Amino acid sequence: MCEDEITFWIRGRIPESWFSGPPEVDCEGDEILVVGPLGGPISLSGSAGDSVDGQIQRFRQATRDQRMRIAQDAERRFGRKVSWGAAVGGERRLFTTLSIPVMTRLRLPEREVLDTLVGAGVARSRSDALAWCVRLVAKHEADWIAELREALVRVGELRRKGPG
């Protein structure tokens, strides 16, 4: 969930011609993620230019300079990095996203799970294995995580309304 001010500010600077609808703007402590839907039909001809990746790559190249200017202005104003992505036909691709190191303490059984994933070639490192596990949980528990996020928003609202 993103603050209204940031969402309004970002959407107000994006040219209407970029996306077929309003972009999603998600905020986190370090990052603002902007993902917009690209319009137009997707050809099934199989040529790279008509593929989802081809459409997104063309969008990425055509908007690079302007996206960088918007991101720099937003970073100065909000103190967060801006990342970008696009969605076509239900497929979502992110680019220019941050990869933030996260410190965690794991006991032997948890490290053994990560090492098994690395040993089996599922991941290149413990860090990649842990990220893989997080993506797997997010995929299979998406509804539950969405409920948790909604509850956290409500807790934040109640804290703001509470006694000073």
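The values are calculated or read from the model by the stated rules, or taken from the named source; none is laboratory data. Keep in mind the model is a prediction, meaning the values are calculated, not measured. No Cβ is skipped: glycine too gets one built from the backbone with ideal geometry, and neighbour counts run over all protein chains shown.
Would you call Ser127 polar (S, T, N, Q) and part of a helix (DSSP H, G or I)? Let's see the steps before the verdict.
Values: polar (S, T, N, Q): yes; part of a helix (DSSP H, G or I): yes.
Taking the combined requirement at face value, the residue satisfies it.
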Qualifying residue in the range 66-83 (condition: out of contact with any helix residue (DSSP H, G or I) (no Cβ under 9 Å at 6 or more places or on another chain), under 28 Å from Arg154 (Cα atoms) and at pLDDT 90 or above): yes
So Ser51, is it in the same structural domain as Val35 (by TED's automatic domain parsing) and farther than 22 Å from Val25 by Cβ: yes
The range 90-120, subset assigned by TED's automatic domain parsing to the domain that holds Met68 and among the charged types (D, E, K, R), residue nearest to Glu75 (Cα to Cα): Arg93
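For the range 12-23, what are the residues that are surrounded by fewer than 16 Cβ atoms within 10 Å (Cβ to Cβ) and either charged (D, E, K, R) or within 18 Å of the chain's Cα centre (by Cα) (or both)?
The first filter runs over the range 12-23 and keeps only residues surrounded by fewer than 16 Cβ atoms within 10 Å (Cβ to Cβ), leaving 12-13, 15-17, 20-22.
Hits for the range 12-23 are Arg13, Glu16, Gly21, Pro22.
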Selection count where residues are at pLDDT 90 or above, in a loop (DSSP other than H, G, I, E, B) and closer than 20 Å to Glu5 by Cβ, scope the range 17-33: 2
Any hit, the range 122-136, residues being hydroxyl-bearing (Ser, Thr, Tyr), touching a strand residue (DSSP E or B) at 6+ places or on another chain (Cβ under 7 Å) and under 27 Å from Asp53 (Cα atoms): no
Residue in the range 98-108 that is under 28 Å from Gly39 (Cα atoms), touching a residue at least 40 places away in the same chain (Cβ under 8 Å) and either among the polar types (S, T, N, Q) or surrounded by 10 or more Cβ atoms within 10 Å (Cβ to Cβ) (or both) present: yes
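For (1) β-branched (Val, Ile, Thr); (2) assigned by TED's automatic domain parsing to the domain that holds Arg58; (3) surrounded by 14 or more Cβ atoms within 10 Å (Cβ to Cβ), each residue gets a yes or a no:
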position: Arg76; (1), (2), (3): no, yes, no
position: Val88; (1), (2), (3): yes, yes, yes
position: Val122; (1), (2), (3): yes, no, no
position: Leu130; (1), (2), (3): no, no, yes
position: Val134; (1), (2), (3): yes, no, no
position: Trp144; (1), (2), (3): no, no, no
position: Glu147; (1), (2), (3): no, no, no
position: Glu150; (1), (2), (3): no, no, no
position: Gly156; (1), (2), (3): no, no, no
